[in-house]
Every structure is written in C-alpha cells, then in structure tokens.
C-alpha cells in the first residue's frame with residue numbers, strides 16, 4: 001500500500017463528504033493505492049454516521065470510533081498503530097489542510113528519503129491575536145529547545161515513513177511534538193514544506209487559548225524527557241548526589257569546628273543554633289530523596305509496559 005491518510009476528528013460532520021471526495025480524487029488521479037483512516041474522537045454530532053456511510057461506499061475508507069473524547073494525540077496513536085501505507089499522511093478534518101499537497105509530500109518521503117516532512121503554513125487564515133501571534137511564540141520556543149529548525153510544529157499536515165509512526169508513542173498532548181519524538185528515536189532526516197492553508201469552511205475551531213499554555217508546559221516536559229526520559233537517574237541521581245555531598249561536607253565542617261572550639265577552650269554556639277546545620281541537614285535529606293526518585297524512575301521504566309490510555313468502541317473495514 002502506498003499511502004495511509006490518518007485523520008483525527010471531533011464534530012466535523014459537515015466537512016467529511018467533501019474531504020473524502022477531494023482525497024479520493026487526488027489518489028485516483030495519481031494512481032495511489034491508499035487507505036483513509038478516520039478516527040472519531042468522541043464526536044457528539046453525526047460524524048460517525050457519515051464515516052459509516054463513506055466506508056460502505058469506499059472500502060479504502062476505514063474508521064475508528066473512541067468511547068469518548070480522549071484527545072488528538074490518542075487519536076493519532078490509534079491511527080498510527082493500524083496504518084499500513086509505506087507513507088503515512090496526517091491532516092485535519094476541517095478542510096484547512098489541502099489534499100492536493102499529498103503527491104509532493106509522498107515524493108519527498110519516497111524519492112528524497114526523508115523520514116518526516118512537516119507542513120509549514122507560511123500564510124495563515126486564522127485570527128491574528130488568538131492564534132497567529134501565540135503560534136509564532138510557541139514555534140520560536142519549540143525551535144530553541146528542540147534544535148529542530150521547523151517554522152510550524154503544530155501543523156496537522158505531515159508526512160512520515162511508516163517506520164517512524166510505528167516507533168513514536170504519542171500520548172497526552174504530545175501530538176505537537178511528533179518531529180521531536182521522531183528525532184529522539186533516531187530519525188534525523190526531518191524537514192518542512194510550505195503548504196497551502198485555507199480558511200475554515202464549516203464549524204468552529206476546537207482549540208482555545210488554553211492549548212498554548214498547555215503547549216508550553218508540554219514543551220518543558222518533552223525537553224526534559226528527551227534528555228532524561230530513558231535515564232532519570234542521570235538527572236535525579238546527579239543532583240541528589242551533589243546535594244548530599246554538599247550537605248555532608250557542611251555537617252562535617254560544623255562538627256570539626258565544634259570539636260576544635262571545645263579543644264582550645266573557645267566558647268562556641270550550639271550546633272542546633274547554627275543555621276548551617278539546618279542547611280546541611282536539608283541538603284542531605286533532599287539529596288537522598290532525589291537519588292531515590294531517580295532509582296524509582298529507572299525501575300518504573302524497566303518494569304512498566306506501554307499502555308494505551310484510550311478505549312476503542314468500534315472499527316470499520318479493518
């Protein structure tokens with residue numbers, strides 16, 4: 001199979017017929033063997049009914065229906081797990097991503113051997129205050145922390161080698177950082193392509209300003225995980241050891257000075273009256289706790305298998 005198109009959606013009943021027809025025309029005109037995977041992330045409208053209708057008419061259309069709304073990351077993870085295409089394309093269901101970009105994205109992966117191509121919406125048709133400006137700030141911070149020179153991390157239109165989507169595990173709100181997750185797994189041929197962005201035709205956006213706050217918090221998380229996620233002892237153990245040594249040396253110095261003063265007959269304050277005693281004690285306790293946190297983190301990583309944090313209610317054509 002040439003291409004798997006993975007589309008997560010929430011309450012997009014109005015756009016699905018048009019999106020399907022557009023994608024099908026592109027695939028047929030380029031003679032691609034494809035599958036179109038819709039993941040219904042707990043829609044409360046008739047989106048699933050539309051997917052059932054499309055899958056009955058076109059066996060290339062497949063559907064995954066979640067028990068409830070779990071989020072875009074979980075929807076992508078479910079689609080990635082079942083995708084069979086040599087190249088996996090992701091896009092949003094709101095018609096703001098153009099399926100006409102698919103042939104060029106496919107060529108970049110298959111002919112130029114890129115692992116991942118991320119779309120770049122250079123010209124956007126979103127609200128400047130609520131989306132464009134926050135998005136620029138978010139992408140600037142993501143570039144600085146990840147080292148990837150991408151202009152639009154959050155663009156839904158991306159293309160991957162199949163082995164990339166099988167290697168990355170997308171959970172929480174980490175769909176924004178799939179290029180970073182791919183880089184962490186050793187896929188280094190990552191680039192971007194300017195893609196056409198279209199104004200929303202139906203419905204309203206499902207994302208509010210809170211997604212940018214969550215995005216920056218997730219950025220901090222993934223920055224830490226990319227460095228220490230598989231070796232927490234290297235972080236907690238290092239700082240725990242340094243704090244314990246500092247506390248121990250401070251306590252040792254206080255003890256030596258107390259003995260010296262007693263030996264020479266100089267009056268000295270009580271050890272418990274010395275503020276450095278409490279600093280030393282606190283440092284040793286915190287150092288021990290941090291070391292134990294790193295040790296427990298190592299045990300959890302080695303003993304805890306990957307778990308899916310979503311429940312699939314129904315599948316079509318798989």
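The values are calculated or read from the model by the stated rules, or taken from the named source; none is laboratory data. No experiment lies behind these values; they were computed from the predicted model shown. Reconstructed Cβ throughout: ideal geometry from the backbone, glycine too, with neighbour counts over all protein chains shown.
When 77, 94 are checked against the criterion of being out of contact with any helix residue (DSSP H, G or I) (no Cβ under 6 Å at 6 or more places or on another chain) and more than 18 Å from residue 163 (Cα to Cα), a single residue qualifies: 94. Taking the listed residues 153, 244, 224, the one that is at pLDDT 85 or above and within 27 Å of residue 291 (Cβ to Cβ) is 244, with no other qualifying.
Only one entry of 64, 102 meets the criterion of being over 19 Å from residue 13 (Cβ atoms) and either surrounded by 20 or more Cβ atoms within 10 Å (Cβ to Cβ) or at pLDDT 95 or above (or both), and that entry is 102. Among the residues of segment 254-275, those identified as loosely packed, with under 15 Cβ neighbours inside 10 Å, assigned to a helix (DSSP H, G or I) and in contact with a helix residue (DSSP H, G or I) (Cβ under 8 Å, 6 or more places away or on another chain) are 255, 271.
Regarding segment 143-159, can at least one residue be identified that is within 23 Å of residue 35 (Cβ to Cβ), assigned to a loop (DSSP other than H, G, I, E, B), assigned by TED's automatic domain parsing to the domain that holds residue 194 and in contact (Cβ under 8 Å) with a residue 60 or more places away in the chain? Give the steps one after another, and end with the answer.
Taking segment 143-159 as the starting set, the residues that turn out to be within 23 Å of residue 35 (Cβ to Cβ) are 155-159.
Then keep just the ones that are assigned to a loop (DSSP other than H, G, I, E, B); that gives 155-157.
So of that shortlist, the ones also assigned by TED's automatic domain parsing to the domain that holds residue 194 come out as 155-157.
From what is left, the residues that are in contact (Cβ under 8 Å) with a residue 60 or more places away in the chain are 156-157.
Scanning segment 143-159 turns up at least one residue that is within 23 Å of residue 35 (Cβ to Cβ), assigned to a loop (DSSP other than H, G, I, E, B), assigned by TED's automatic domain parsing to the domain that holds residue 194 and in contact (Cβ under 8 Å) with a residue 60 or more places away in the chain.
Tell me which strands (runs of 3 or more DSSP E) are completely within segment 1-77 and hold 2 or more residues being over 17 Å from residue 89 (Cα atoms), in the same structural domain as residue 202 (by TED's automatic domain parsing) and touching a strand residue (DSSP E or B) at 6+ places or on another chain (Cβ under 8 Å), or say none if there are none. Full working, then the answer.
Working: elements: 3-9, 34-40, 61-66.
Of the strands (runs of 3 or more DSSP E) lying wholly inside segment 1-77, those with at least 2 residues that are over 17 Å from residue 89 (Cα atoms), in the same structural domain as residue 202 (by TED's automatic domain parsing) and touching a strand residue (DSSP E or B) at 6+ places or on another chain (Cβ under 8 Å) span 61-66.
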